[in-house]
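The values are calculated or read from the model by the stated rules, or taken from the named source; none is laboratory data. All figures in this text were calculated on a predicted structure; none of them were measured in a lab. So basically every Cβ, Gly included, is an ideal-geometry build from the backbone, and we count neighbours across all protein chains shown. SASA here: full protein model, heavy atoms, side chains in, ligands and nucleic acids out. Shrake-Rupley method; radii C 1.70, N 1.55, O 1.52, S 1.80 Å.
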Amino acid sequence: MPDRDVRTILDLIYYQYAKIIARSAFGVSDGKEAKRQHYGFIKQTFRELKSGVKSWSEITREDWQFVESEKKCIYCGTKSYIHREHIVPRSLQIKPECGTCDKIQGIHNQVWACRHCNSSKGTKGLYEFYKAKYPNERKFYDLIPPLLEKKYLKTIYNCHECAQTLTKGDIDGDGEISILDIDFILHWTSPNSR
């Protein structure tokens, strides 16, 4: 469990976003250092996001950062064989409308990736992918580039909202709420196809 106050998918999303804000505000290299050095700030930001006192920026901000970013793989940094990659897999089938949902199919859900990383990621969620990429790193999720994680959190938020799972806790059924519960929505299929 990331923090004792994190009990739902929405809490997980806001907590991760609060760590990104801390990284940016204090110029910290990763989420692990942000939490170690600025835990009070993260908790306050989390509470403000949760209560509605603070809100995250529109995803258009991250879209502009993507457009203006150097054309290199966001996962490994290579500049070879680069193309746009959908962070939340385009094949998502929570509901039949997923295939035409602009939040999944459009630029909001895209970053630059090389052929190798895109293939390695496949239909995994961002956190699943980073867990596989860094198998010996207990807090693998703290190594995700901020632009990538912000776009992912804002997109996956919409998926959870559509599936009505934002207020749920341990949706993967492993007995605890963890960062991987955010990704678990990607493994659901439309109720019509179950």
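Quick notes on this one:
- The set of residues in the stretch 64-93 that are touching a Cys at 6+ places or on another chain (Cβ under 6 Å) and open to solvent by less than 30 Å² (accessible area, probe 1.4 Å) comprises C73, Y75, L92.
- Among the residues examined, E85 qualifies as acidic (D, E) and either part of a helix (DSSP H, G or I) or farther than 26 Å from K32 by Cα (or both).
- Looking only at the stretch 47-63, and only at residues there that are assigned to a loop (DSSP other than H, G, I, E, B) and either modelled with pLDDT of 85 or more or more than 23 Å from T123 (Cβ to Cβ) (or both), the one that is least open to solvent (accessible area, probe 1.4 Å): S57
- As a summary of the residue check, I182 satisfies the conditions (1) at pLDDT below 95; (2) over 18 Å from E58 (Cβ atoms); (3) part of a helix (DSSP H, G or I) except for the one numbered (1).
- A single entry from I144, I185 fulfils the requirement of being out of contact with any Ser or Thr (no Cβ under 9 Å at 6 or more places or on another chain), touching a residue at least 60 places away in the same chain (Cβ under 8 Å) and either within 14 Å of I13 (Cα to Cα) or open to solvent by less than 30 Å² (accessible area, probe 1.4 Å) (or both): I144.
- Across the stretch 20-32, the qualifying residues are those that are open to solvent by 30 Å² or more (accessible area, probe 1.4 Å) and without any contact (Cβ under 8 Å) to a residue 12 or more places away in the chain, and the one among them that is nearest to N118 (Cα to Cα) is S29.
- Applying a threshold of 8 Å to beta carbon distances and a minimum spacing of six or more residues, or different chains, the list of pairs starting in the stretch 101-122 at a residue that is within 20 Å of K150 (Cα to Cα) and open to solvent by less than 40 Å² (accessible area, probe 1.4 Å) and ending at one that is assigned to a helix (DSSP H, G or I) and aromatic (F, W, Y) reads Q110/F66; V111/F66; K121/F129.
- Unmet criterion (only one of (1) in a loop (DSSP other than H, G, I, E, B); (2) open to solvent by less than 60 Å² (accessible area, probe 1.4 Å)) for R4: (2)
- Residue in the stretch 115-128 that is modelled with pLDDT of 90 or more and in contact with a strand residue (DSSP E or B) (Cβ under 6 Å, 6 or more places away or on another chain) present: yes
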